[in-house]
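Below: one structure, written as structure tokens.
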Amino acid sequence: MIEILDLHKSFGQHTVLKGINVKLEHGKVLVIIGPSGSGKTTLLRCFNLLEVPDRGTIELGGMKLSFTDAKEISQHNVVALRKKTGMVFQSYNLFPHMTTLGNVMEGQITVQKRSKEDARKRAMELLEKVGLADKSDSYPHQLSGGQQQRVAIARAMAVEPEVLLFDEPTSALDPELVGEVLKVMKQLAAEGMTMVIVTHEMAFAADVADKIILMEDGLILEEGTPEEVLKHPKSTRARQFLNRLS
Ligand code: ADP
């Protein structure tokens with residue numbers, strides 16, 4: 001369902017992705033781990049073209065885009081691919097001047113052209129799902145970080161993406177608020193949502209991932225099930241990284 005082949009990305013002279021290959025089936029969860037600066041976020045942002053790769057191909061939800069150094073990617077294709085994804089950022093990025101309900105309705109109205117009535121109905125269902133139906137009239141600044149992140153997840157789900165992308169969704173949260181966000185993510189995984197998650201939460205990764213990739217210096221160092229990557233890594237470098245965490 002998602003296939004990434006030979007993906008390269010540089011910022012100026014600095015090559016950040018050096019030939020990444022990833023395959024993920026529909027309904028599965030991929031977790032990306034690795035040291036800071038290894039290219040995890042850049043790879044995730046390539047999935048929805050927040051970063052445009054220099055080279056390689058991305059196939060997602062029936063669309064296949066090829067990138068070459070010479071060719072500009074059309075804006076039409078960028079928009080089309082982006083519509084197939086929902087993104088949850090580290091810092092929530094809710095619209096501060098809109099209520100919780102407004103935040104979850106917005107994309108449905110502007111991107112999907114749903115009626116206000118339909119958008120409101122779906123938004124309320126999603127707020128119910130993330131346990132925040134009673135906060136529908138609150139503004140972001142009236143919510144805790146964990147609640148804001150749960151609204152951000154509802155907002156990302158609202159446009160019915162084929163895949164949800166999470167960029168370190170709990171790293172800005174106070175420790176006591178991490179659990180409520182991970183619980184919602186776990187519930188989505190159990191319901192068969194396809195997800196790609198960059199995280200440092202290893203216990204969560206072990207629990208929820210169908211597949212883990214461990215990146216280092218723009219390359220995939222290890223790839224496999226949580227058992228394979230976290231318990232029986234093949235390379236010394238991966239063992240060193242995992243030992244540092246424990
Ligand atoms: P990770 O998520 O593994 O910490 P990133 O993908 O954020 O790694 O970053 C990988 C490297 O790319 C880092 O050295 C970072 O400084 C660099 N980088 C990321 N985004 C940009 C950008 N927009 N411009 C220049 N360098 C960037």
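Provide the packing ranking of 147-154, 61-68, 205-212, 43-50, i.e. peptides ordered by the mean count of other C-beta atoms within 10 Å per residue, highest first.
Details: 147-154: 26.1, 61-68: 14.0, 205-212: 19.1, 43-50: 21.4.
Peptide ranking by packing, descending: 147-154, 43-50, 205-212, 61-68.
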Accessible area (Å², per residue) of segment 171-230, counting only protein heavy atoms and a probe of 1.4 Å:
43
Carbon + sulfur, % of accessible area of segment 168-246 - ligands and nucleic acids excluded, 1.4 Å:
50
Between the alpha carbon centres of segment 164-188 and segment 226-241 the gap in Å comes to 24
Charge dipole magnitude, Cβ of K and R +1, D and E -1 - the chain, Cα centre, debye nearest 20
320
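Per the 1.4 Å probe, what fraction of the accessible area of segment 121-163, in percent, lies on carbon and sulfur atoms? Could the numbers behind the result be given before it?
Details: 760 of 1810 Å².
Answer for segment 121-163: carbon and sulfur cover 42 percent of the accessible area.
Is the C-alpha gyration tensor of segment 107-174 telling us rounded, prolate or oblate? Criteria: a/c under 1.5 is rounded; beyond that, a/b larger than b/c is prolate, otherwise oblate. All intermediate terms of the calculation are to be shown ahead of the outcome.
On the way: a/c = 2.23, a/b = 1.34, b/c = 1.67.
Since a/c reaches 1.5 but b/c is at least a/b, the shape of segment 107-174 is classed as oblate.
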What ³J(HN,Hα) values, in whole Hz, does the Karplus curve 6.51 cos²θ - 1.76 cosθ + 1.60 give for segment 200-205 when θ = phi - 60°, with x put for Gly and Pro?
9, 7, 5, 5, 5, 4
Output the 0 to 90 degree angle, nearest 10, between the alpha-carbon long axis of helix 100-110 and the longest principal axis computed from the alpha carbons of the chain.
70
What accessible area per residue comes out for segment 93-152, rounded to a whole number of Å², with a 1.4 Å probe?
52
Reported to the nearest 10 Å², LYS186 has, with a 1.4 Å probe, an accessible area equal to 100
Determine ³J(HN,Hα), in whole Hz, for all residues of segment 144-154 in sequence, where each value follows from phi through the Karplus function 6.51 cos²θ - 1.76 cosθ + 1.60 and θ = phi - 60°; x replaces Gly and Pro.
6, x, x, 5, 4, 5, 5, 5, 4, 5, 4
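Using helices alone, I'd like the mean residue ellipticity at 222 nm for the chain: each DSSP H run of four-plus residues gives -39500 (n - 2.57), total over residue count, nearest 500.
Values: 8 runs with 88 residues, N = 246.
So the calculated ellipticity at 222 nm is -11000 deg cm²/dmol.
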In sequence order, what are the phi-derived ³J(HN,Hα) couplings for segment 78-91 according to the Karplus relation 6.51 cos²θ - 1.76 cosθ + 1.60 with θ = phi - 60°, rounded to whole Hz, with x for glycine and proline?
4, 5, 4, 5, 4, 5, 8, 10, x, 10, 10, 9, 4, 9
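Mind listing which GluC sites (Glu not before Pro) in segment 156-226 are in a DSSP loop and have 16 or fewer other Cβ atoms within 10 Å?
GLU191
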Using only protein heavy atoms and a 1.4 Å probe, report how much of SER91 is accessible, in Å² to the nearest 10.
70
Any idea which of ILE109, LEU50, ASN77 is furthest toward the positive side of the dipole for the chain, if Lys and Arg beta-carbons carry +1 and Asp and Glu beta-carbons -1?
ASN77
Explain nothing, just the number: relative contact order of the chain, from Cα pairs under 8 Å at least 6 residues apart, as a whole percent.
26
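Which of rounded, prolate or oblate describes the chain when judged by the alpha-carbon gyration tensor and an a/c cut-off of 1.5?
Numbers: a/c = 1.97, a/b = 1.30, b/c = 1.52.
Oblate.
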Nearest-5 percent of antiparallel DSSP beta bridges in the chain?
60
To the nearest Å, what is the center-to-center distance of segment 98-117 and segment 25-56, using C-alpha atoms only?
27
Please give the helix 116-129 orientation as an angle from the longest Cα principal axis of the chain, in degrees from 0 to 90, rounded to the nearest 10.
60
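Got a number for carbon plus sulfur as a percent of segment 1-117's accessible area, 1.4 Å probe?
Ligands and nucleic acids excluded, carbon and sulfur give 50 percent.
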Loop-located GluC sites (Glu not before Pro) in segment 1-61, at most 13 other Cβ atoms within 10 Å (DSSP):
GLU25
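The values are calculated or read from the model by the stated rules, or taken from the named source; none is laboratory data. No experiment lies behind these values; they were computed from the predicted model shown. In this analysis, Cβ positions are derived from the backbone assuming ideal geometry, glycine residues included, and neighbour counts consider all displayed protein chains. When the accessible area is computed, the model is the full protein with side chains, heavy atoms only, and any ligands, DNA or RNA have been set aside. Shrake-Rupley method; radii C 1.70, N 1.55, O 1.52, S 1.80 Å.
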